[in-house]
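Below is one structure, written out as structure tokens, with a few remarks after it.
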Amino acid sequence: MNAMLVGADTLGNIPTVLESFGISIHRHLSGRNSSHQRKLDRLPAGTDMLILFTDFLGHNVMRHFRELASEQNVRFIACRRSVCALKQSLSGVGLCEQNACANCPNVAKRGKGKH
């Protein structure tokens with residue numbers, strides 16, 4: 001799964017967390033640069049998920065990217081830029097860490113986790 005990340009100047013451990021969920025970073029915009037805040041008319045081709053880091057973005061920028069995701073039927077999540085918040089948001093939309101599926105309570109209910 002390819003994700004576009006919007007917000008945060010640096011990502012720290014976030015790429016590692018995304019890899020554990022089977023997600024690769026397709027594109028990252030800090031959102032701080034004025035060119036990043038200009039209105040884009042589409043998300044990049046091949047984007048499967050949009051991740052917005054709310055503590056680094058203004059409301060108008062977030063609203064614009066959410067609307068783009070909705071128009072293109074791309075799943076999006078919004079969370080703070082922390083490993084814990086990201087894991088919680090990804091789990092909240094039904095994704096689970098690849099190495100944790102054996103212990104996931106959803107495996108017993110459905111027979112397998114969503115990847």
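General observations
- The residue that is modelled with the lowest pLDDT, among those in segment 8-37 that are outside any strand (DSSP E or B) and hydrophobic (A, V, I, L, M, F, W, C), is Ala8.
- Scanning segment 75-87 for residues that are surrounded by 17 or more Cβ atoms within 10 Å (Cβ to Cβ) and closer than 15 Å to Met49 by Cβ yields a count of 6.
- Residue pairs whose Cβ atoms lie under 6 Å apart, separated by 6 or more positions or on different chains, with the first residue in segment 1-14 and over 17 Å from Ala78 (Cβ atoms) and the second assigned to a helix (DSSP H, G or I), are Asn13/Val83.
- Looking only at segment 38-78, and only at residues there that are part of a helix (DSSP H, G or I) and among the aliphatic types (A, V, I, L, M), the one that is modelled with the highest pLDDT: Ala69
The values are calculated or read from the model by the stated rules, or taken from the named source; none is laboratory data. Predicted model only: the values in this text are computed from it and were never measured. Quick reminder, even Gly has a Cβ in these numbers, built from the backbone with ideal geometry, and neighbours come from all protein chains shown.
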